[in-house]
Amino acid sequence: MKPEPKQYRATVGGREVVVETGHVARLAGGSVTFQYGEAMLLATATMSAQPREGIDFFPLSVDYEERMYAGGRIPGSFFRREGRPTTEAILTARLTDRPLRPLFPKDMRNDVQVILYALSADGENPLDILAVNAASCALVISDVPWGGPVGAVRIGRLNGEFVVNPTFAQLEESDLDLRVAGTKDAILMVECGAKEVPEDVMVAALEFAHQSMQPIIEMQERMAAEIGKPKRDYPSYGISADLMERVREMAAPRLESVLAEGHNKTELDHAVDAVKEEIVAALATGEETAPSARDVGKAFEEAYKQAVRRRILNDGVRPDGRKTDQIREIWCDVDFSPRAHGSGLFTRGETQVLTLATLGTPREAQTLDNLTPVDAKRYIHHYNFPPFSTGEVWPLRGAKRREIGHGALAERALEPVIPSEDEFPYTLRLVSEVLSSNGSTSMASVCGSTLALMDTGVPIKAPVAGIAMGLIKEGEKYAVLTDIQGLEDHLGDMDFKVAGTAKGITALQMDIKIKGLSATIMSQALEQARKARLYILDKMLEVISVPRPELKPFVPRIITIKIPVEKIGAIIGPGGKTIRALQEASGTQIDIGEDGTVFIAATSQEGERIAREKIELLTETPEVGRIYTGRVVRVTDFGAFVEILPNQDGMVHISQLDVDRVERVEDVVNVGDEITVMVTAIDPQGKIRLSRQAVLEGWTADEAAAKDRGGRGGRRSGGSRNRNSGRGGRRR
């Protein structure tokens, strides 16, 4: 018997959200379809029956699968099947994970899996924000213990007015692309790209976003009350309060002493590990009533966390001795690699990132095969995080989700200042290599990338810098930290990354571990970040103040030529034969746009000249009065056919071969000869009439056209001219 589904509706941004459950995927812990316009997602949430043994973390996985059938497309891969998730899919999964994770019980070790499928993509509504809402709906009605619901919206700004859940077309015109998720009371997650938006506008947008998501949250509260399953019990992996107190009493004085010495990262890690080993050895004796080494270790980690947090909140002193708003020492360098097109080295404390830039032709832009309307991008940023950067060892297995996310954040931060293709016809690839990591390598990547772009000679609109902000919050007492290091990220409550120019913000990303932030804290964090950003920009500009006036020597020079669209085939030739031969002869790379724009990339002026002149010849349109030197390709009784341009020839009538009478064409020219001729007429069918006599006698274009209209007349002899032929006399 067909089940009766249950539907819930809410209005967001003037459009209706429709959530349906009880229709499909009924064996999952919770499942819904989430529809907005004609965009639809399936979301499921399921928890394992038993906890995963031997782990000390909560095993949550969030996977978003782009199904190309949702957009009526067949995958472009060789197998014609979806394979590894696209970058967009990975970023959507990360975006969904971040607001969900803080609301799960910290002592749970059962696996929880959230899976989302795109069922319909309308090309109008972005799917990422829908995924966050759909996942929350599935969790809130499931049997999985969770502290939601969560709502999410996207905010754009058109003509100074905020727009809720803008379409792809509206985002093209918007100076803001802000994605926000939160609970009924506070903001949980922020992801943003912007075109140098001021801090006060960003705060207003965040408050507007929180208000706009309330209808979705209220709808989910109704769902939970009416159809929500009872939440399952789970075995707690929490540490007993008694053990926590014993470890805290033993560790507190030792940790206070260690923290007061102001060690660097490596020294501090060694000192803390030594204290931990002593306490574990003292308490985990192996006796039947003694606690396990694992439990003592977890209790020590909590004691260490509280010691660091207490020192920051009460004394305003951080583990490395800095004040809450103090930035670590910064130094920069450029021109690090002799053959790379550009390079920038950015060091802040124990964090160091080297970014290298490469410029290519438009043909080297990345082709995208996903469910968004964007099918290519010419600015690409990649981020690599090797194990040696933290003094560790692990196998290299390609980019992980974190690396893809950090690369996308740096890309988003710099995108507003990249010159347009019309201004700068290059594909740009930047690669940030993390050489040392102790806090905010993604923001160091932003700074290194700005240095690399300016070192290359890319005319960016403004330099961009980034900084990571942290938070320590206990009850109503809190401290916002500027330039957090790894320990403060691990033991703190927030990682809030802000990038921008001196004028305004270009990117934001916020991850939190508590159940929300107030607008007051967000506003303070943004203001501290603005001051830090300006300080870092000053440090960077001391090394290189403006982009180099010329591109580096090994960068290919690209010139553009505009040709008629109908002439594109003449350059490409049959099966690409012509363009391949031209590239080989000139040593250049040639790309042709659909609008007839030809890009010539050359590393030498001579190669560029050869390619340009050949393309101009291939695409030139003959005009009456123009003079060409061409090769005779065929001879007949009545004249000779001359190729004046590649694949274009015209006919010189026998009467136009010389100033005197010509008896036989072969008396003047033969096949293979080169002669100089003038175009005297082009008929409606495109047939070209030529004259050698016009060149010999120095006719003007007007004379050539007039004489051709006057008719050819009789054949001349003995050098005499037939003045009735309409040809006129020689020009003197």
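A compact table of results
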item	result
Candidate set: the range 104-121, residues that are more than 25 Å from the chain's Cα centre (by Cα) and not charged (D, E, K, R); chosen: the one nearest to residue 22 (Cα to Cα)	114
Where residue 606 falls short, out of the listed (1) over 24 Å from residue 691 (Cα atoms); (2) surrounded by 14 or more Cβ atoms within 10 Å (Cβ to Cβ); (3) not aliphatic (A, V, I, L, M)	(2)
Filter pass, residue 397 being touching a strand residue (DSSP E or B) at 6+ places or on another chain (Cβ under 7 Å), at pLDDT below 95 and either farther than 19 Å from residue 93 by Cα or not in a helix (DSSP H, G or I) (or both)	no
Test: residue 37 is of a type in the set (Gly, Ala, Ser) and over 25 Å from residue 372 (Cβ atoms)	no
Filter result for the condition that a residue is assigned to a loop (DSSP other than H, G, I, E, B) and either under 22 Å from the mean Cα position of the chain (by Cα) or more than 26 Å from residue 231 (Cβ to Cβ) (or both), over 88, 124, 172	124
Residue identified as surrounded by fewer than 18 Cβ atoms within 10 Å (Cβ to Cβ), of a type outside the set (Lys, Arg) and farther than 25 Å from residue 30 by Cα among 76, 156	76
Selection count, the range 271-314, where residues are surrounded by fewer than 18 Cβ atoms within 10 Å (Cβ to Cβ) and β-branched (Val, Ile, Thr)	2
Test: residue in the range 191-207 that is touching a residue at least 12 places away in the same chain (Cβ under 8 Å), in contact with a strand residue (DSSP E or B) (Cβ under 6 Å, 6 or more places away or on another chain) and under 27 Å from residue 21 (Cα atoms)	no
Some residue of the range 565-585 being within 27 Å of residue 456 (Cβ to Cβ) and either in the same structural domain as residue 359 (by TED's automatic domain parsing) or more than 31 Å from the chain's Cα centre (by Cα) (or both)	no
Test result for residue 323, of a type outside the set (Gly, Ala, Ser), assigned to a loop (DSSP other than H, G, I, E, B), out of contact with any Phe, Trp or Tyr (no Cβ under 9 Å at 6 or more places or on another chain) and surrounded by fewer than 20 Cβ atoms within 10 Å (Cβ to Cβ)	yes
Residue among 430, 471 that is in contact (Cβ under 8 Å) with a residue 60 or more places away in the chain and either among the aliphatic types (A, V, I, L, M) or in a strand (DSSP E or B) (or both)	430
Residues located in the range 622-636, provided they are loosely packed, with under 13 Cβ neighbours inside 10 Å and modelled with pLDDT under 90	623
Selection within the range 113-139 - β-branched (Val, Ile, Thr) and surrounded by fewer than 24 Cβ atoms within 10 Å (Cβ to Cβ)	115
Selection count, the range 593-647, where residues are under 27 Å from residue 703 (Cβ atoms), in a strand (DSSP E or B) and not hydrophobic (A, V, I, L, M, F, W, C)	7
Residue match in the range 156-168 (condition: more than 30 Å from residue 7 (Cα to Cα) and in contact with a strand residue (DSSP E or B) (Cβ under 7 Å, 6 or more places away or on another chain))	yes
Subset of the range 443-458 [part of a helix (DSSP H, G or I) and hydrophobic (A, V, I, L, M, F, W, C)]	443, 444, 446, 447, 451, 452, 453, 454
Top-ranked residue of the range 530-572 - restricted to ones that are part of a loop (DSSP other than H, G, I, E, B) and without any contact (Cβ under 8 Å) to a residue 12 or more places away in the chain, ranked as nearest to residue 499 (Cα to Cα)	545
The range 1-56: number of residues that are within 14 Å of residue 142 (Cβ to Cβ) and assigned to a loop (DSSP other than H, G, I, E, B)	6
Test: residue in the range 345-363 that is touching a Lys or Arg at 6+ places or on another chain (Cβ under 6 Å), farther than 30 Å from residue 593 by Cα and part of a strand (DSSP E or B)	yes
Leading residue by the ranking (nearest to residue 308 (Cα to Cα)) among those in the range 239-263 that are exposed (fewer than 13 other Cβ atoms within 10 Å of the Cβ) and touching an Asp or Glu at 6+ places or on another chain (Cβ under 9 Å)	261
Single unsatisfied condition, residue 407 versus (1) touching a Cys at 6+ places or on another chain (Cβ under 6 Å); (2) part of a helix (DSSP H, G or I)	(1)
Residue selected from the range 678-703 under the condition part of a helix (DSSP H, G or I) and closer than 13 Å to residue 653 by Cβ, by the criterion nearest to the chain's Cα centre (by Cα)	694
Answer residue from the range 140-163, given it is among the hydrophobic types (A, V, I, L, M, F, W, C) and in contact with a Gly (Cβ under 6 Å, 6 or more places away or on another chain) and is nearest to residue 217 (Cα to Cα) among those	140
Those residues of the range 57-72 which are in a strand (DSSP E or B) and farther than 29 Å from residue 122 by Cβ, in sequence order	60
Residue count, the range 643-671 (criterion: within 26 Å of residue 567 (Cα to Cα), surrounded by fewer than 15 Cβ atoms within 10 Å (Cβ to Cβ) and free of Cβ contacts under 8 Å to residues at least 60 places away in the same chain)	0
Answer residue from the range 495-525, given it is part of a helix (DSSP H, G or I) and surrounded by fewer than 19 Cβ atoms within 10 Å (Cβ to Cβ) and is modelled with the lowest pLDDT among those	519
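Results for (1) of a type outside the set (D, E, K, R); (2) without any contact (Cβ under 8 Å) to a residue 40 or more places away in the chain; (3) closer than 30 Å to residue 554 by Cβ; (4) touching a Ser or Thr at 6+ places or on another chain (Cβ under 9 Å), shown as yes or no for each residue.
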{"residue": "462", "(1), (2), (3), (4)": "yes, no, yes, yes"}
{"residue": "466", "(1), (2), (3), (4)": "yes, no, yes, yes"}
{"residue": "487", "(1), (2), (3), (4)": "yes, no, no, no"}
{"residue": "494", "(1), (2), (3), (4)": "yes, yes, no, no"}
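The values are calculated or read from the model by the stated rules, or taken from the named source; none is laboratory data. Note that this is a predicted model, so its numbers are computed, not measured. In this analysis, Cβ positions are derived from the backbone assuming ideal geometry, glycine residues included, and neighbour counts consider all displayed protein chains.
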